[in-house]
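Single-structure report; data block below.
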Amino acid sequence: MNAERLTDRQIKESPEQQLKNFKKTGEFLVAIDTDGCVTDNMNGKQMLIFHPLFMEFYGLWKIESYFREVAEYYNLFSVDRGCNRFIAIQLTMKALSQRKDMAKCLADKRLKLPDMSFIDRYIEWAGKNKTGLGNPSLEKFIAENPGDYSLCRLLGWSEAVNRSFPGISAKIPPFENVMNSLELIEKKADIIVVSKTPYNDLADYWKSHGIDRYIRLIAGQEMGSKEHHIALAKSAGKYPDKNVLMLGDGAGDLKAVRANKGVFYPVPPGKEQEAWNNFPEFFRLFVSGSHASREAELTEKFNKVLLDSPPWLGAGYNHVSAYREKQSIRQELYKKLLPKGRLLVL
């Protein structure tokens with residue numbers, strides 16, 4: 001990485017310093033997401049780590065099929081794909097609490113969903129104080145609310161995710177043509193990584209696969225939103241709107257770059273390799289300023305990939321059938337990466 005790696009102390013005390021002090025060296029600024037964009041790790045990240053750990057921490061294994069279905073929808077297959085982990089939990093638990101079939105299941109099993117109002121309070125606090133949603137800010141919120149053990153459990157889950165995920169992610173290489181694309185970009189632009197993944201996980205991944213040498217800096221969840229990442233780097237480097245490009249796999253990536261009046265190149269879920277194969281052509285259009293029609297075409301197709309309404313609200317919905325739709329994906333991931341892991345098969 002062309003910028004010095006941040007220490008844990010720097011991340012806690014001044015996580016935005018690299019963005020604020022960013023020095024322009026190229027004519028263009030290219031922001032790239034990582035999970036699900038550079039590497040095909042989104043399914044594994046959620047299905048093997050995030051979801052089972054949450055069920056473990058909150059005693060939800062008896063409703064595994066419901067929890068996995070809803071959590072997978074928000075994290076992987078909806079327009080909320082790639083959202084912050086705490087917001088994803090907020091969305092998931094709220095949806096579960098509103099489902100009538102979930103209520104019946106809970107009654108039959110004599111269970112109750114945990115009260116998650118504390119996560120609402122944390123997210124609201126982070127918004128008011130303009131902090132990123134991540135472990136450092138959660139620790140500050142806990143310090144302001146001593147004795148609230150529900151927050152400590154949430155932090156415990158998040159820390160467990162951080163400790164567990166690298167072992168899975170490291171096994172999954174970048175998509176083919178990522179390195180060639182980075183070499184192409186570097187000749188014309190400054191490359192930054194923008195993500196809602198913790199900084200250290202990102203830095204470790206890019207370094208372990210030998211692609212960190214192409215990037216100027218990494219902005220993780222501790223540095224705020226992706227929109228904020230791009231805004232700070234764009235302002236520091238004084239890049240014109242038309243010279244800012246974002247590569248991403250989620251609607252949040254599109255929103256982030258649009259808020260900064262930049263250009264979007266989608267890496268659609270399920271079609272990631274095709275997107276990386278076609279990127280060199282798009283990048284040449286981008287640097288020449290003739291990308292508009294191609295960008296519009298790709299964005300229109302991208303917007304049709306992610307769902308904007310959950311299947312359990314649709315006519316003819318059946319929970320068992322819906323759970324089985326993704327069953328082969330889960331089974332293959334567990335067989336390959338976590339053969340001793342716990343998984344419900346219907």
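None of the figures in this text is laboratory data; all of them are computed from the coordinates on show. For clarity, every value in this text was computed on a predicted model and none was experimentally measured. With ideal geometry, Cβ positions are generated from the backbone for all residues, glycine too; neighbour counts draw on all protein chains shown.
When the chain is described by a simple charge dipole with +1 on each Lys and Arg Cβ and -1 on each Asp and Glu Cβ, the residue from Val161, Leu254, Ser14 located farthest towards its positive end is Val161.
Taking a virtual spin label 7 Å from the Cα of Arg324 along the C-beta vector, which residues in segment 51-73 bring their backbone nitrogen under 17 Å of it? What the label zone holds, given the 17 Å backbone N cut-off, is 65-66, 69. Each stretch of four or more DSSP H residues adds -39500 (n - 2.57); spread over every residue of the chain, this sum gives -15500 deg cm²/dmol at 222 nm. Here the spin labels are modelled as points 7 Å beyond Cα on the Cα-Cβ line, and at Lys242 and Asn129 they lie 4.3 nm apart. Extending 7 Å from Cα along the Cβ direction at Arg5 and again at Phe57 yields two label points whose distance is 2.5 nm.
Given the pairs Lys255/Lys301; Lys45/Lys171; Lys104/Lys326; Lys207/Lys271; Lys62/Lys340, which are separated by over 21 angstrom at their Cα positions?
Working: Lys255/Lys301 16 Å; Lys45/Lys171 12 Å; Lys104/Lys326 23 Å; Lys207/Lys271 25 Å; Lys62/Lys340 19 Å.
Checking Cα-Cα distances, Lys104/Lys326; Lys207/Lys271 exceed 21 Å.
Rank Asp80, Asp40, Asp241 by mean-square fluctuation in a GNM of the chain with C-alpha springs under 10 angstrom and give only the top-ranked residue. Highest fluctuation among the options: Asp241. For the options Gly224, Gly147, Gly59, a Gaussian network treatment of the chain with springs between C-alpha atoms closer than 10 Å singles out Gly147 as fluctuating the most.
Pick from Leu138, Leu29, Leu313: which is most flexible by mean-square fluctuation in a GNM of the chain where alpha carbon atoms under 10 Å apart are linked? Ranking Leu138, Leu29, Leu313 by mean-square fluctuation puts Leu313 first. When the dipole is taken about the Cα centre of segment 42-169, and only Lys, Arg (+1) and Asp, Glu (-1) are charged at their Cβ, what size is it in debye, to the nearest 20? With Lys and Arg at +1 and Asp and Glu at -1, about 180 debye. For segment 268-307, backbone nitrogen atoms closer than 13 Å to the point 7 Å from Lys188 Cα along Cα-to-C-beta are found at 279-292.
Give the order of Thr39, Thr92, Thr25, Thr299 when sorted by the count of other beta carbons within 10 angstrom, beginning with the fewest. Let's see the in-between values first.
Numbers: Thr39 22, Thr92 25, Thr25 11, Thr299 15.
Fewest-to-most ranking of Thr39, Thr92, Thr25, Thr299: Thr25, Thr299, Thr39, Thr92.
Computed from the C-beta positions of Cys152 and Leu307 and an R0 of 30 Å, the FRET efficiency is 0.30 to the nearest 0.05. Segment Arg121..Glu332, full-extension length gain: 72.2 nm, with 0.36 nm per residue of separation and the alpha-carbon distance subtracted.
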